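Down below is the structure, laid out as structure tokens.
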Amino acid sequence: MAARTFTIDGKLVTAEENATVLDAATEAGIDIPTLCHLEGVYDVGACRLCLVEVTGIGKLLPACTTRVAEGMEIKTDSERLRKYRRMTIELLFAERNHVCAVCVANSHCELQALACRLGMDHVRYDYTFPRWSVDNTHTLFGMDHNRCILCTRCVRVCWHIEGAGTKNVSGRGSHSHIISDLNQSWGSSETCTRCGKCVMGCPTGALFAKGVTVSEMERDRTKLEFIVTAREKKQWIA
Amino acid sequence: MVIDDLMEIAAKEKAARKPWVVRCCMAAGCMSSNSRGVKEALDRAVKEAGMESEVEVRGVGCMKLCCQGPLVQIDNEKPGATVEVTSVDHSPLYEKVTPEDAASLIGTLKGGKTSVESADPNQPFFTGQMSIVLANSGIVDPERIESYISLDGYDGLHHVLREMTPKEVLDTMIKSGLRGRGGAGYPTGLKWATVAKTPSAQKYVICNADEGDPGAFMDRSVLESDPHSVLEGMAIGAYAVGANQGFIYVRAEYPLAISRLHTAIKQAKQLGLLGSGIFESPFNFNIDLRIGAGAFVCGEETALMASVEGKRGTPRPRPPFPAESGLYNSPTLINNVETFANVAPIIRKGAEWFASIGTEKSKGTKVFALAGKITNTGLIEVPMGTPLRRIVEEMGGGAPDGGTIKAVQTGGPSGGCIPAHALDTPVDYESLSKLGSIMGSGGMIVMDEGTRMVDVARFFMEFCMDESCGKCIPCRAGTVQMHHMLTKILAGKATIRDLEQLEELCDMVRNTSLCGLGQTAPNPVMSTLRFFRQEYLDLLQEDTLGPGATNPPQKTVPAAN
């Protein structure tokens with residue numbers, strides 16, 4: 001396999017001819033933000049966060065699906081790219097009900113981490129507050145559609161790694177949502193092998209393991225009493 | 001099937017022709033106003049007049065002046081005529097014909113009078129047209145292959161298979177200068193050559209008949225009026241690129257087009273014009289229909305191919321382009337209906353003839369569907385480079401009831417609004433894109449002074465929002481936000497900051513979306529902002545004065561559609 005030589009952010013880099021820009025950048029220690037990319041499954045170029053500028057090409061190209069070429073000059077960071085990436089994250093936050101404070105994935109969330117990294121200090125768009133449901137019918141796992149960003153990682157691991165084909169996308173546009181089998185409750189799915197890959201692959205708290213979640217949320221009743229009485233007893237001021 | 005058989009069919013068809021041909025439009029537009037009843041009444045009237053041996057009542061495709069349907073026209077063949085189209089006397093084009101009018105129309109053949117209103121065939125709507133794609137439309141019977149063959153149908157395919165190498169066909173297409181009629185205007189010959197040069201044992205040809213732009217009905221008319229011209233174009237394309245299987249992806253909302261295509265494919269197969277060893281050459285080609293399930297995004301080529309494969313119709317990033325890796329990962333030639341309909345005439349009449357029509361960079365003709373606030377609603381086919389003013393004011397007859405044209409919207413939800421002061425722009429790919437619009441597939445919606453441009457922008461944004469597939473974030477979530485901001489502006493609740501944010505979002509969605517739907521979704525907003533910015537500003541609240549001291553929210557009127 002032949003190698004290709006090109007530059008990323010001014011740095012000379014080589015990669016195998018079939019490598020993607022994202023592979024090459026990762027190898028060179030350059031971190032391009034991604035959300036739909038998941039090592040091990042094919043890329044779909046859907047989240048548009050990994051868009052990079054390539055000299056001589058008018059359009060922005062997704063690093064995850066663009067193959068490297070000899071002499072390519074790639075820019076992974078610019079004022080414009082940072083702005084677009086921040087806007088993309090803002091759009092995601094406005095699209096569904098991403099409330100970090102009550103999320104099982106708080107501080108283990110790729111969306112949250114990217115928002116911090118890209119400097120999203122607030123969302124300038126009006127929240128749409130859609131009414132999405134939570135599917136808790138599965139014995140082991142749960143799915144909270146409010147936290148889903150439709151990266152389709154779960155769909156891809158389910159079809160192409162596990163081979164079960166349980167997860168899929170239904171509806172279109174802002175009505176798109178992840179379904180199990182023929183749009184039935186996850187618990188009634190006959191194809192789900194309960195392997196949990198979708199849960200492991202999920203970048204947010206949309207898919208979660210029930211056991212783990214419950215143990216994380218173990219109630220401390222003494223705290224409850226404290227919250228109720230602390231104000232009266234002026235225990236807030238230490 | 002050899003050429004002699006083809007000529008025999010044509011000769012038989014011509015010999016069986018009766019002196020009078022009463023053509024009755026049986027395309028979807030006229031059929032929706034009972035042209036089937038008119039045709040049956042005409043048949044009965046002929047019988048009652050005892051003129052069955054002299055008069056043929058023929059169901060034909062679109063006769064273009066759709067707003068006046070059902071349309072009927074009568075031809076009287078001149079004695080000794082050999083060529084049908086040019087040597088007949090046409091009656092006026094009878095408009096809004098009802099079944100009750102049939103007897104009096106047939107009566108005119110014997111010198112009687114009729115009170116049916118008629119359109120003058122010499123008015124600019126007709127004389128300004130130049131027919132290549134629609135040459136057979138309204139003349140052939142779309143449900144009989146013999147009718148098409150009698151007008152030199154499949155002659156081009158025979159010529160290509162027996163006299164030309166694939167390379168020569170490609171050269172002809174390149175020389176003709178034909179560009180894709182789906183909207184983007186990619187040179188057809190170049191696309192064909194790319195597919196031809198990509199080595200593969202299996203290649204495909206796809207005809208994109210998923211016409212979905214609001215107000216556009218050109219492709220539907222071509223399929224309903226002259227389906228064989230599309231089949232012939234596809235077969236020629238398949239020979240040139242080395243494909244043996246074709247698909248026509250047609251939307252389920254076009255039941256008549258689907259049924260006529262079914263009939264056409266069946267007839268072509270029966271005569272051996274599709275199948276194995278066509279015209280006793282080693283060339284095999286079959287065409288199957290695939291019916292779209294009502295998703296606008298499936299007109300995008302990669303989404304269309306996913307849909308043909310039975311998958312969810314969502315686009316994928318390009319490259320690889322379909323010409324290298326398309327349907328089932330094979331090289332795939334995918335063109336629009338109108339593009340394929342241009343192919344056989346180019347082969348028959350030569351690349352030079354085609355290249356002599358139109359402008360330097362845009363050759364040939366373009367079919368437009370005139371709709372909206374215009375007197376003559378219907379189909380027109382004009383040479384590229386025709387000024388918009390001639391199309392909407394002379395041919396279209398301007399706005400009805402003495403109204404003034406405010407803007408013309410081209411290119412559907414991907415296009416833009418061209419203001420009245422720019423109506424002298426010639427219609428070609430480059431001129432329209434300079435104005436921030438696109439040629440598009442040919443929808444042309446005329447708006448008058450009563451149309452509010454912010455409404456128009458919101459209408460198209462709502463369309464894009466509903467039709468977004470949901471795969472990429474900028475299109476899925478961005479269109480929702482843009483629609484929300486436009487609604488806010490229309491409600492008089494927005495400030496200049498909202499407008500700035502809208503423009504910023506337009507730029508972002510255009511530059512970051514995955515496919516053409518998202519990349520062009522902001523176009524209607526951006527073009528109306530460019531030419532009608534004041535209308536937006538008039539709706540804004542004063543940012544400094546705070547809420548209350550503003551223009552009262554105005555009543556919204558629905559957008560033209």
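The values are calculated or read from the model by the stated rules, or taken from the named source; none is laboratory data. All values reported here derive from a predicted model rather than from experimental measurement. FYI the Cβ positions are ideal-geometry reconstructions off the backbone, even for glycines, and counts take in every protein chain you see. Accessible surface is based on the protein model in full, side chains and every heavy atom, while ligands, DNA and RNA are left aside. Shrake-Rupley method; radii C 1.70, N 1.55, O 1.52, S 1.80 Å.
Annotations
- With respect to the conditions (1) open to solvent by 30 Å² or more (accessible area, probe 1.4 Å); (2) modelled with pLDDT of 95 or more; (3) more than 17 Å from the chain's Cα centre (by Cα), B:Ala293 lacks only one, and its number is (2).
- Scanning region B:87-140 for residues that are β-branched (Val, Ile, Thr), within 28 Å of the chain's Cα centre (by Cα) and farther than 30 Å from B:Ala355 by Cα returns B:Val97, B:Thr98.
- Exactly one residue out of B:Gly492, B:Gly478 is farther than 29 Å from B:Arg318 by Cα and small (Gly, Ala, Ser), and it is B:Gly492.
- When A:Cys50, A:Cys64, A:Cys36 are checked against the criterion of being touching a Pro at 6+ places or on another chain (Cβ under 7 Å), in contact (Cβ under 8 Å) with a residue 24 or more places away in the chain and within 12 Å of chain B (Cβ to nearest Cβ), a single residue qualifies: A:Cys50.
- Residue within region B:340-363 that is within 14 Å of another protein chain (Cβ to nearest Cβ) and farther than 23 Å from B:Ile258 by Cβ present: no
- Region A:1-48, residues that are more than 26 Å from A:Cys202 (Cα to Cα) and among the acidic types (Asp, Glu): A:Asp9, A:Glu16, A:Glu17
- Boolean, A:Leu91 is outside the structural domain of A:Gly205 (by TED's automatic domain parsing) and either out of contact with any strand residue (DSSP E or B) (no Cβ under 6 Å at 6 or more places or on another chain) or closer than 30 Å to A:Asn146 by Cα (or both): no
- Checking region B:236-246 against the condition returns no match, with no residue being assigned by TED's automatic domain parsing to the domain that holds B:Glu338, open to solvent by 10 Å² or more (accessible area, probe 1.4 Å) and under 27 Å from B:Ala27 (Cβ atoms).
- Some residue of region A:102-120 being free of Cβ contacts under 8 Å to residues at least 60 places away in the same chain, buried (at least 22 other Cβ atoms within 10 Å of the Cβ) and not aliphatic (A, V, I, L, M): no
- Taken together, the residues in region B:508-528 that are surrounded by fewer than 22 Cβ atoms within 10 Å (Cβ to Cβ) and within 18 Å of B:Ala420 (Cα to Cα) amount to 1.
- Which listed residue is within 15 Å of A:Cys64 (Cα to Cα) and of a type in the set (Ser, Thr, Tyr), from A:Thr14, A:Thr7, A:Thr34: A:Thr34
- Restricting attention to region B:222-256, the residues being in contact with a helix residue (DSSP H, G or I) (Cβ under 8 Å, 6 or more places away or on another chain) and in contact (Cβ under 8 Å) with a residue 60 or more places away in the chain number 22.
- When restricted to residues that are at the interface with another protein chain (Cβ under 10 Å from one of its Cβ atoms) and surrounded by fewer than 18 Cβ atoms within 10 Å (Cβ to Cβ), region A:68-83 contains 2.
- Residue list for region B:495-507, restricted to those being within 11 Å of chain A (Cβ to nearest Cβ) and either closer than 15 Å to B:Arg533 by Cβ or buried (at least 23 other Cβ atoms within 10 Å of the Cβ) (or both): B:Asp498, B:Glu500, B:Leu502, B:Leu505
- Subset tally (residues that are among the hydroxyl-bearing types (Ser, Thr, Tyr) and open to solvent by less than 10 Å² (accessible area, probe 1.4 Å)) for region B:199-228: 2
- Residues in region B:237-280 that are at positive phi and under 24 Å from the mean Cα position of the chain (by Cα): there are none.
- Qualifying residue in region B:317-327 (condition: open to solvent by less than 10 Å² (accessible area, probe 1.4 Å), more than 25 Å from A:Gly171 (Cα to Cα) and away from chain A (no Cβ under 14 Å)): yes
- So B:Ala306, is it open to solvent by 10 Å² or more (accessible area, probe 1.4 Å), in contact with a Ser or Thr (Cβ under 9 Å, 6 or more places away or on another chain), small (Gly, Ala, Ser) and free of Cβ contacts under 8 Å to residues at least 40 places away in the same chain: yes
- Enumeration of residues in region A:161-203 that are among the basic types (Lys, Arg) and open to solvent by 30 Å² or more (accessible area, probe 1.4 Å): A:Arg172, A:Arg194, A:Lys197
- Remark: pairs (first residue in region B:379-398, touching a residue at least 60 places away in the same chain (Cβ under 8 Å) and under 17 Å from B:Ser131 (Cβ atoms); second residue part of a helix (DSSP H, G or I) and open to solvent by less than 10 Å² (accessible area, probe 1.4 Å); Cβ separation under 6 Å; 6+ apart in sequence or on different chains) = B:Leu379/B:Ser221; B:Ile380/B:Met395; B:Met395/B:Phe125.
- B:Lys266 meets all of the listed conditions (1) open to solvent by 30 Å² or more (accessible area, probe 1.4 Å); (2) in contact (Cβ under 8 Å) with a residue 12 or more places away in the chain; (3) charged (D, E, K, R) but one, namely (2).
- Single unsatisfied condition, A:Thr76 versus (1) in contact with a Ser or Thr (Cβ under 6 Å, 6 or more places away or on another chain); (2) over 22 Å from A:Val199 (Cβ atoms): (1)
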